[in-house]
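The values are calculated or read from the model by the stated rules, or taken from the named source; none is laboratory data. These numbers come from a predicted model, not from an experiment. Positions of Cβ are generated from backbone atoms using ideal geometry, with glycine treated the same way; all protein chains shown enter the neighbour counts.
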Amino acid sequence: MTNPQIDAIAQTLLTARRNQIPADSTPFDGKLQNSAEALAVQDIVLAALAPQQTPLSRHWKSGGPSRTGEILNTPLLDSGIWKSPAQAGAHPFNLRLIEIEIGFKTKHAVTPAEAVNMTQEQGHALIEAFTVTIEVVDSRWQQGNDTAALLKLADMQSHGVLVVGQWQPYGEQEARRDWSKQRCTVKIGEQMPLEFVGTHSMQDPRWVIPSWVRHATAGGQTLPAGAIVTTGSWSGVPAAQAGDLVVAQFDGIGSVSVQL
């Protein structure tokens, strides 16, 4: 990448994390030309924050607006994966937006050659287990959720932490699950519970798996067995506050919670 703004944006995000003070994104509006440049920022930030983490992350977030829209895939910090029930304690959040999601775990490794033409059926067959997750959406930009899309992507797609529930085996019965009828709820602090049915943007959270695997292996590395991907929100991004207990439940799958 020859765009000098890539390193400037990466250093700005690293400073914002280090000082726990969000940066103004306005000077960088329009400075990234495409998602590849935003992903290059991600790479710099990830390498600086977790130099000991394996080069190919085992934890990812994936999602998009529809089956015909662009699917975005972001590697996550191992240190930001929390087991439910989780306690945020003094963890520094600038935002606390809540996405309730389904996560999948792979049963075997996938080489770049296997990934390049992966079908939906092959992607489904890759699943070993699944679970309920809560992503706490955060931002290192002052503009928060109103930040320009490519700058959000550069900021690990506004990822804060991922809270992971108990893994459930993915068998033949689950392969036939009708996700269009899947009911889920989220309770945030003292707010009224929110209920959603069949609201995943892809109609089926498994839809992102082939795209995710191709992205993860595009650099020539093999995606390891046991890799985890969370697959996009069923709930939009309702806001939570410090002190709130957040509980998400998917009927027939399980629940997950985080005390903020």
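Residues in segment 40-66 that are touching a residue at least 60 places away in the same chain (Cβ under 8 Å) and over 23 Å from F104 (Cα atoms): 2 in all.
Counted as qualifying within segment 31-142 are the strands (runs of 3 or more DSSP E) with 1 or more residues that are buried (at least 22 other Cβ atoms within 10 Å of the Cβ), of a type in the set (A, V, I, L, M, F, W, C) and under 18 Å from the mean Cα position of the chain (by Cα), namely 59-63, 72-75, 97-106, 127-137. Would you be able to say whether some residue in segment 152-175 is on the phi < 0 side of the Ramachandran plot, modelled with pLDDT under 95 and among the charged types (D, E, K, R)? Yes: one or more hits. Here is a check on your reading of the model: is Q11 more than 22 Å from S201 (Cβ to Cβ), in a loop (DSSP other than H, G, I, E, B) and of a type in the set (S, T, N, Q)? Criteria not met by Q11. For L14, the conditions (1) surrounded by fewer than 18 Cβ atoms within 10 Å (Cβ to Cβ); (2) in contact with a Lys or Arg (Cβ under 7 Å, 6 or more places away or on another chain) are fulfilled apart from (2).
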